[in-house]
Amino acid sequence: MHNEEIVHHLYHAGFQTGNYADTILHVHQNTYRLHAIVLSRSPLLAHLMSTSPQSGAQRVIYVQLEHEPEVTQEGFAIALGYLYSSVSLSLIRPDNARGVLAAGCLLGGMDELCGYAYDACRQSISVETINEWLEFIDTIPSSPDGSLTPELSLTSVFGHFAQRLRDDVFHFLVVTLPNALEINSSESDPSQVHTGRDTLLRVFSLVPFDMFKSAVESRAFEIGSDQTRFKFAKDVIEMRRKGIARGHGAEETVVLAFGGGHPGGSAVHVTRKIRKRPLWKVNP
């Protein structure tokens with residue numbers, strides 16, 4: 001109880017009211033009156049305090065987030081509060097979890113907070129939010145071998161959580177969503193199956209190509225026979241061709257290789273090639 005009273009006092013008198021503050025922190029358009037001994041729990045803030053010149057009785061530090069769009073004001077405030085007390089964990093919601101995760105990864109030393117925020121992110125992936133998550137996944141570049149290249153990405157602040165979230169979205173597309181829509185259920189009403197297929201088509205028309213290809217070619221993507229999978233892929237590509245999909249200037253095709261699937265894979269294969277620009281001859 002004594003320890004809880006101390007933490008409660010630190011959070012409310014220290015973080016929320018800024019009493020006896022010795023450090024002024026500027027971030028976004030916000031200013032926080034905080035305490036160096038608590039901020040030193042964050043490797044990033046400890047570095048800023050040790051490298052920022054101090055004039056007068058209070059230290060002033062600035063956290064630049066112009067290149068970290070995923071770190072939201074609310075997420076950063078929750079992560080700052082976590083330095084004072086774990087009560088901040090109760091403020092994590094599905095709609096702010098990604099911003100909290102980004103802030104926790106940026107500040108460092110917050111494994112528990114990041115774990116809570118990541119779980120909230122993972123659980124928030126649904127039919128209603130999948131478009132938002134696909135936009136996020138589309139900002140995570142990958143090299144030809146499929147590995148992430150975080151040094152080139154605005155989402156690199158997430159570290160290893162970027163790949164985990166990418167895998168979670170993939171699992172949702174390949175396993176969770178088809179099961180929820182009862183695409184391959186023999187007990188489903190035909191009209192329900194048709195509606196579910198339309199929903200699946202709409203979602204896959206927005207999926208980044210590399211994930212679309214991996215999903216369609218995955219044996220875990222159980223939507224029926226290879227012919228059914230082939231027809232589904234063709235219908236998705238037609239929707240993507242009409243401009244619904246991201247990535248203009250490319251041509252996508254689907255091939256059904258009967259008996260030609262690699263072990264553990266599908267007989268359906270999706271390919272993509274960049275359209276060549278026409279060459280114009282200019283006569284002098």
Just need a number here: residues in segment 2-15 that are without any contact (Cβ under 8 Å) to a residue 12 or more places away in the chain and surrounded by fewer than 14 Cβ atoms within 10 Å (Cβ to Cβ). 7
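This table checks each residue for (1) touching a helix residue (DSSP H, G or I) at 6+ places or on another chain (Cβ under 8 Å); (2) among the polar types (S, T, N, Q).
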site	(1), (2)
13	no, no
25	yes, no
34	yes, no
40	yes, yes
44	yes, no
57	no, no
Mind checking whether some residue in segment 98-107 is assigned by the TED database to the domain that holds residue 6 and more than 24 Å from the chain's Cα centre (by Cα)? no
Are any of the residues in segment 197-205 touching a Ser or Thr at 6+ places or on another chain (Cβ under 8 Å) and either modelled with pLDDT of 95 or more or crowded, with 16+ Cβ neighbours inside 10 Å (or both)? no
Looking only at residues in segment 173-182 that are open to solvent by 20 Å² or more (accessible area, probe 1.4 Å) and among the hydrophobic types (A, V, I, L, M, F, W, C), which one is modelled with the highest pLDDT? 175
I'd like to verify a number: residues in segment 34-76 that are surrounded by 12 or more Cβ atoms within 10 Å (Cβ to Cβ) and among the aromatic types (Phe, Trp, Tyr), how many? 1
Among the candidates 272, 241, single out the residue that is surrounded by 10 or more Cβ atoms within 10 Å (Cβ to Cβ), at pLDDT 75 or above, closer than 20 Å to residue 134 by Cα and touching a Gly at 6+ places or on another chain (Cβ under 9 Å). 272
Residues that are at pLDDT 90 or above, open to solvent by 30 Å² or more (accessible area, probe 1.4 Å) and within 13 Å of the chain's Cα centre (by Cα): does segment 145-161 have at least one? yes
Return the residues of segment 75-96 that are under 30 Å from residue 176 (Cα atoms) and touching a Phe, Trp or Tyr at 6+ places or on another chain (Cβ under 8 Å); say none if nothing qualifies. 89, 92
Given the conditions (1) outside any loop (DSSP other than H, G, I, E, B); (2) at pLDDT below 90; (3) farther than 23 Å from residue 238 by Cα; (4) not acidic (Asp, Glu), and given that residue 166 satisfies all but one, which numbered condition is not satisfied? (2)
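The values are calculated or read from the model by the stated rules, or taken from the named source; none is laboratory data. These numbers were taken from a predicted model, which means no experiment stands behind them. In this analysis, Cβ positions are derived from the backbone assuming ideal geometry, glycine residues included, and neighbour counts consider all displayed protein chains. For accessibility, only protein heavy atoms count, side chains too; no ligands or nucleic acids. Shrake-Rupley method; radii C 1.70, N 1.55, O 1.52, S 1.80 Å.
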